[in-house]
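Q: Quick one: structure below, then a few questions.
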Amino acid sequence: MSALIVKACGPATSIQDRGRFGYQRFGVSPAGAMDRFHLAAANLLVAAEPDAAALELGPGGVRVTAEGDITIALAGPACTLEVEGRQIAPFTAVRVTDGGTVVARPAPGAAYAYLGVEGGIAMASDMGSHSMHRRSGIGGGPLAAGARIPAHGGGATLYCLPELPGGETGPIRILPGPQDDHFSDEALAILTGAGYRLSGQADRMGVRLDGPTLPHRGGYNIVSDGIVDGSIQVPGDGRPIVLLRDRQTTGGYPKIATIISADIGRFAQIPPGEPVRFDVVTFEQAIEAAQRLQAMIEGLASALVPLAAPLTSERLLALNLIGGVTSATDARGV
C-alpha cells in the first residue's frame, strides 16, 4: 500500500474529513475540515469521496516523501505544490514516484489548503471519523516527522479542475442570536458596521477579533448552553470570539450572532491580521446559501477534466475548433 511519509510539517497540519457527528451530547466536538469545499476538491482529484480524510495544511505546510508510487493533489484558495522541485498547479493531480519529495503549503492570502492522497487516507477511524481533535486527542495526536499516511489507492486517471465554480464574496453573513438580547441596542450595529481584524489568537477552536468592544446588557454570564460552528460569543471584556470546528460543545458567555454554515469555510480562510466585515441575513437567505454551497460541491465531480485526455469524437465536438475561420471571398474583397 502506497503512503506519504512526513518529513517536516507546521503545527497546524492534521488529518481531517467532514467531521465526527453524534457525540456532542457527550462533550465531543465534531472537528472536521475548516473548509469543506476545498477538502472536496482535493479528494475528487485523487478519486476519493468528497468528505474523505485528507491532510489539512496550515501555516508552515508539509514536506513528505512517497513510499511507492502515489497520486496526490492540492486544493485551496491560495497554495503552492512542488514535486521533486517542480511546480505543480493547484487543482491538478500528479503522480509521485517512489521516494519523490513533495512540499505543499498555503500561500499568502489563505489560511488552509488540502492535500488529497490517492483514493483517500487509509487509516482506522475513531468514533466514526478520521478527524484529529488536538485538545482531546480523539482521532490521533498531532502529526510530526516520521508519521506514515497510507492511501487506499485506485486512482489511475489523473484529473484537473481547470474552472472552479464562482464562490460567494462580500461580507461574512451572520444570523443574530441566540442571545442577542443580552447586548445593548447598538451592539449588533457595532459588530456589522465597524469592521474587525482577525487577531493572532487563532487556531482550529476559535479566533478572537480585534476591534470595538461589544457592550453587554447587564452581566455577561449565562447558564451554559450549546455552541455551534460559527457562534460569536462575547466574554466579559467585550471582545468577540468566533468559535470554529474544534470548539467546545457548550459555553457560558452570551452569543450575539452566528456565522451561517455556508460562510464558515470562507471565514476560516482569512489569515490573522486581515480585516473581516459582517452582514446580517435572514434565516431563509442562510438556507439558500447553504443549498448553493452544497450544489457547488456536488458539481465539482462533473467539472473534472482528465489530463492528456484522448481526442475522442465527443471531446472534439465539445471543442471550439472553428474559431478564427474567415471567408476567403471576403478576404479578397469580392
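The values are calculated or read from the model by the stated rules, or taken from the named source; none is laboratory data. Bear in mind that the values here come from a model prediction, so they are computed numbers and not experimental data. Counting neighbours? That spans all protein chains shown, and the Cβs are built from the backbone with ideal geometry, glycine included. Surface areas here come from the heavy atoms of the whole protein model, side chains and all, with no ligands, DNA or RNA. Shrake-Rupley method; radii C 1.70, N 1.55, O 1.52, S 1.80 Å.
Q: When both residues are 6+ apart or on different chains and their Cβ atoms are under 7 Å apart, which pairs have a first residue that lies in region 230-253 and is more than 23 Å from residue 136 (Cα to Cα), and a second that is surrounded by fewer than 16 Cβ atoms within 10 Å (Cβ to Cβ)?
A: 237/213; 238/213; 238/215; 239/213
Per-residue answers, yes or no, for (1) assigned to a loop (DSSP other than H, G, I, E, B); (2) farther than 22 Å from residue 51 by Cα; (3) open to solvent by less than 20 Å² (accessible area, probe 1.4 Å); (4) touching a residue at least 40 places away in the same chain (Cβ under 8 Å):
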{"position": "90", "(1), (2), (3), (4)": "yes, no, no, no"}
{"position": "102", "(1), (2), (3), (4)": "no, yes, yes, yes"}
{"position": "105", "(1), (2), (3), (4)": "no, no, no, yes"}
{"position": "110", "(1), (2), (3), (4)": "yes, no, yes, yes"}
{"position": "135", "(1), (2), (3), (4)": "yes, yes, no, yes"}
{"position": "140", "(1), (2), (3), (4)": "yes, no, no, yes"}
{"position": "146", "(1), (2), (3), (4)": "yes, yes, no, yes"}
{"position": "150", "(1), (2), (3), (4)": "no, no, yes, yes"}
{"position": "154", "(1), (2), (3), (4)": "yes, no, no, yes"}
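Q: Please specify each residue of region 156-175 satisfying the condition of being open to solvent by 60 Å² or more (accessible area, probe 1.4 Å) and outside any loop (DSSP other than H, G, I, E, B).
A: Of everything in region 156-175, just one residue is open to solvent by 60 Å² or more (accessible area, probe 1.4 Å) and outside any loop (DSSP other than H, G, I, E, B), namely 159.
Q: Note down all Cβ pairs under 9 Å where the first residue falls in region 1-29 and is over 30 Å from residue 65 (Cβ atoms), the second is surrounded by 18 or more Cβ atoms within 10 Å (Cβ to Cβ) and of a type in the set (Lys, Arg), and they're at least six residues apart or on different chains.
A: 28/20; 29/20; 29/245; 29/247
Q: Please work out if residue 198 is in a strand (DSSP E or B), among the aliphatic types (A, V, I, L, M) and within 18 Å of residue 237 (Cβ to Cβ).
A: yes
Q: Scan region 112-134 and tell me whether some residue there is at pLDDT 95 or above and basic (Lys, Arg).
A: No, region 112-134 contains no residue that is at pLDDT 95 or above and basic (Lys, Arg).
Q: Then there's this: With respect to residue 50, is the statement that it is open to solvent by 10 Å² or more (accessible area, probe 1.4 Å), under 19 Å from residue 299 (Cβ atoms) and touching a residue at least 12 places away in the same chain (Cβ under 8 Å) true?
A: Against the criterion (open to solvent by 10 Å² or more (accessible area, probe 1.4 Å), under 19 Å from residue 299 (Cβ atoms) and touching a residue at least 12 places away in the same chain (Cβ under 8 Å)), residue 50 qualifies.
Q: Another one. Across region 1-43, which residue is farthest from residue 150 (Cα to Cα) among those that are among the aliphatic types (A, V, I, L, M) and surrounded by fewer than 24 Cβ atoms within 10 Å (Cβ to Cβ)?
A: Checking each candidate, the answer is 28.
Q: So which residues in region 202-229 are within 22 Å of residue 14 (Cβ to Cβ) and either free of Cβ contacts under 8 Å to residues at least 12 places away in the same chain or among the acidic types (Asp, Glu) (or both)?
A: 203, 229
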